[in-house]
Structure formats: C-alpha cells, structure tokens
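Colleague: The structure that follows is given in the form of structure tokens.
The values are calculated or read from the model by the stated rules, or taken from the named source; none is laboratory data. Keep in mind that what you see is a predicted model, and the values were worked out from it rather than measured. Glycine gets a Cβ as well: all are built from the backbone with ideal geometry, and neighbour counts include every protein chain shown. The area values use the complete protein model at the heavy-atom level, side chains included, leaving out ligands, DNA and RNA. Shrake-Rupley method; radii C 1.70, N 1.55, O 1.52, S 1.80 Å.
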2 protein chains.
Amino acid sequence: MNVQNTHISVLLRDLHRSLIEIVSAMNRPQRDEALLREAGLSLDRALFPVLVLVERLGPIGVVDLADRVGRDHTTVSRQISRLESLSLVTRQVGTHDRRVREVVIAPAGKRMTDRIDATRERRARAVFDNWSTDELATFVGLMHRFADALTDDPGTKAAEPA
Amino acid sequence: MNVQNTHISVLLRDLHRSLIEIVSAMNRPQRDEALLREAGLSLDRALFPVLVLVERLGPIGVVDLADRVGRDHTTVSRQISRLESLSLVTRQVGTHDRRVREVVIAPAGKRMTDRIDATRERRARAVFDNWSTDELATFVGLMHRFADALTDDPGTKAAEPA
DNA sequence: ATAAGTATGTGCATTATACACATAATGAGG
DNA sequence: CCTCATTATGTGTATAATGCACATACTTAT
C-alpha cells in the first residue's frame, strides 16, 4: 500500500459519504410529497417513482422497469395496473416481442411529469445558485461518466444464475 | 429565457438523468445482498442501511436516524431493537439529553461494517479504474459540495409545521 | 416439432410500515 | 420552584406493500 493508494482510499471514503447524503436526500418520501404538493398534484407516493421512470425510459417492459426500481416484477406489475387505471400510463403489446407489454406514458401522465420537472428544475437552480456554469458543466460530465460506470458494474446488477 | 438559461436547463436535465441512474443503482436490494455475500456476511436487508448509518453517524438518536433513512421513527425504533438483539449495536442514554437513547455501533457491528467497507472499496476501485487521480479528486470535491447544497435545500427536509 | 427460456400476471401469506397513543425528560416562564 | 408546551422514544394495531409459488403466453434454440 503506497501513498497513492492511501490517497485514493481517502477519496473513495469521502465520496461514499457524499453518496450516502445524496441518496438519503433523494429517497425521502417527504421530498416526493413536497415536490407533488408544490406542483399542485396528488399521487400515491409509491407510484411516483414508477411514473417518472416510465416517462424517462419510454416504452419499457415490466421486468426492465422492476430492475430499475429494485422491486419484484410482480410488485411493479401491480403498480403499473394502478397507474393505468388512473390513465397516467398505457400498455401496448411489444412490436418485436409480443410477450412484452410495453408501458408508455399517457397524455395525462406526461402533463403530470412535465409539471414535476418544471418544479424540480426550479429547485435545482436554487441548489446550484452559487455554481459557475463551468463548474456545473464539469460536474454534470463527471456524473454522467460515473453513472455509466456504475451501471456497467457487475456488482450493481442482479446476480447471475450461479 | 436566454441562451445561458437554456444551456443550464439542458445541463440540469442531464444531471437528473445521471442522478436517477445512480440512485437506482444504489437502491437495488440485490446490490446490498451481493455486497453482504461477497463480504461473507448475512443480515436482513432492511437492517443493512441502518447499521451502516449508525456506524457512520456515530452515537445518534432515533429521530435523527429516521430522518436519514426516510422512514417513520417508530419503524426505525423497531429496526434498532432487532440490531440490538443481534448485538450489532448498543443503546445508551444520552449524555446531555436523557430523553435520547443514543445508538452506538457495537464491536460485532463494527467488524461487520469494516468488512463491508473493504468490499465496497474494492468495488469502487474497479468502477474508477480508468479515472485519473485528478479527475477522481475533482469529482469527489464537486460531489461533496453538491451533497452539502442538497442537504441544506429546504425542499429536501421535512415540511415545517406550516 | 419439441423443449427450454423469458415476460407477464394472479393468489396468497408475510411483514414492513405508519398512525394513534402513551411515557419520560427537557426547557421556558411565571 | 412549579407548571406546561415541546421533544425523544417506544408499543398496539390496522393497513398496505412486498415477494414467493404458480400459471399462461410467447420466443428461441436444437
């Protein structure tokens, strides 16, 4: 263990600290509720992340979606049913694979996510108030790179069938 | 809306995309389980984040802890009881305020989090394999700053009693 | 053509969760 | 010193979310 490695260990530990802070903040149900309230909307908080992901990830199957939210596919399947009964999303048979029932955002759902996004952007601007554009751009670039590396990390994915 | 603002909007949207990826990855229960398995440990996955936070945040009360994990304090209270019965944490009456029962990491719990940290660091090194030390240092610095800004953001905290 | 694999959905039992409520301790004001 | 509002914690209980076992429909490989 040389100096360089020790230095990196410290950096990684510091990074993990920040990551915990960030994930904690993002995970607070109060945060979603405040966001919805501020946007003048009402939606079950369990359904909120699913709706946002459907809008972001476009036509997507239940299994992929379940992998994203970290829940069993049966759970997500039921959540989608509820979103569908609220006319916020639609299901359509997959074009290439007819086993897949692709979930798509519906007009009412899109209107909702648009309002949420607007509110979120307003907040984000406040958070980055005293950042220069260059700093922000650098940060966004590094975050993008980190997110990609993390997603490709085998330890992050589901365990292979042994 | 001038060019500068539009540019920032794009940056923020890109950032949110990455944030979703990162938080999704961190939230996967499979990730915790894989981490535990790799470290040769066994622990209920609901208890895992609580244990880690107790180790990180040192002697801490139930309310503060509940705020961090985004759950009701009664839920966290029960989780701590379970951790205590496993001899992973200890409770002690607060030194300054005797209402608080501070939760402290126990030797067995510390041994567990140490092994987890070691495994986590090994993984992190793999993720940042092709980053230069400078890039990593810059990233860590910006993440730290972001985490602080996010934590101070009123929209992230609990709603005030209105 | 048959079998193996994958995507989805339902019945059901478990349990995590939060609300209502109770207790103990603190701190402010009279 | 003595209330009284406030805060930290914990228990009983009802609700709801979750995941497993299982079934069905479709795809792909042999």
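Colleague: Using +1 at the Cβ of each Lys and Arg and -1 at the Cβ of each Asp and Glu in chain B, identify which of B:Ala46, B:Ser81, B:Pro29 lies farthest towards the dipole's positive end.
Modeller: Farthest along the dipole direction, towards plus: B:Ser81.
Colleague: Next question, about the same structure. Leaving out ligands, DNA and RNA but keeping every protein chain, what accessible area does A:Arg115 have, in Å² rounded to the nearest 10, with a 1.4 Å probe?
Modeller: Rounded to the nearest 10, that gives 120 Å².
Colleague: Calculate for chain B the 222 nm mean residue ellipticity that helices alone would give, adding -39,500 (n - 2.57) per DSSP H run of length 4 or more and normalising by residue count, nearest 500 deg cm²/dmol.
Modeller: Details: 7 runs with 107 residues, N = 162.
Per the formula, -21500 deg cm²/dmol.
Colleague: A follow-up question, please. Hey, got the average number of other protein chain Cβ atoms within 10 angstrom for residues in A:53-61? Kindly include the intermediate steps, with their values, before the conclusion.
Modeller: On the way: counts 2, 0, 0, 4, 1, 0, 0, 0, 0.
Taking the mean over all residues of the peptide, I get 1.
Colleague: Which one of B:Ala34, B:Ala108, B:Ala126 has the biggest mean-square fluctuation once chain B is modelled by GNM with Cα springs under 10 Å?
Modeller: Judging by the Gaussian network model, the answer is B:Ala126.
Colleague: Also: For the protein assembly as shown, with every protein chain kept in place, what is the accessible area per residue (1.4 Å probe, Å²)? The partial results should precede the final answer.
Modeller: Numbers: 17300 Å² over 324 residues.
That works out to 53 Å² per residue.
Colleague: Nearest 20 debye, what's the magnitude of the dipole of the stretch A:3-153 about its Cα centre given +1 on Lys and Arg Cβ and -1 on Asp and Glu Cβ?
Modeller: Values: 23 positive and 22 negative charges, 116 e Å.
So the dipole magnitude of the stretch A:3-153 works out to roughly 560 debye.
Colleague: What number comes out for the charge environment of B:Val100, summing +1 per Lys or Arg and -1 per Asp or Glu over other residues with Cβ under 12 Å away? The partial results should precede the final answer.
Modeller: Values: positive: B:Arg91, B:Arg98, B:Arg99, B:Arg101; negative: B:Asp64, B:Asp97, B:Glu102.
Here the charged neighbours net out to +1.
Colleague: Looking only at other chains, what is the average number of their beta-carbon atoms within 10 angstrom of each beta-carbon in B:28-35? Working shown, then result.
Modeller: On the way: counts 8, 3, 7, 7, 1, 2, 6, 1.
For this peptide, the per-residue mean of nearby foreign Cβ atoms is 4.
Colleague: Continuing with this model, one more query. Of A:Ser132, A:Ser42, A:Ser87, which is the most mobile in a GNM of chain A whose springs link Cα atoms less than 10 angstrom apart?
Modeller: A:Ser132
Colleague: Roughly speaking, to the nearest percent, how much of the protein assembly as shown's 1.4 Å accessible area is carbon and sulfur? Walk me through the intermediate numbers first.
Modeller: Values: 8890 of 17300 Å².
Looking at the protein assembly as shown in its full context, I get 51 percent from C and S.
Colleague: Between B:Asp152 and B:Glu33, with labels modelled 7 Å along Cα→Cβ, what's the label distance in nm to one decimal, could you check?
Modeller: Using points 7 Å along Cα→Cβ, the separation is 4.1 nm.
Colleague: What quantity of accessible surface, computed with a 1.4 Å probe and excluding non-protein components, is buried in total between chains B and A, in Å² to the nearest 100? Can you show the working numbers first?
Modeller: On the way: alone 12080 and 12070 Å², together 17300 Å².
In total, this chain pair buries about 6900 Å².
Colleague: Nearest 10 degrees is fine. How inclined is helix A:133-152 to the longest principal axis of chain A, computing both from alpha carbons?
Modeller: 70 degrees
Colleague: Here is a follow-up. Could you give the angle, 0 to 90 degrees to the nearest 10, between helix B:73-85's Cα long axis and the longest principal axis of the Cα atoms of chain B?
Modeller: With rounding to tens, the tilt is 50 degrees.
Colleague: In a GNM of chain B with a 10 Å cut-off on Cα contacts, which of B:Arg120, B:Arg17, B:Arg111 has the highest mean-square fluctuation?
Modeller: Checking each option, the largest mean-square fluctuation is seen for B:Arg17.
Colleague: Another question, if that's okay. Provide the FRET efficiency to the nearest 0.05 for the A:His96-A:Arg145 pair, computing r from the beta carbons and using R0 = 41 Å. Could the numbers behind the result be given before it?
Modeller: Numbers: r = 31 Å, r/R0 = 0.75.
The pair A:His96/A:Arg145 has a calculated efficiency of 0.85.
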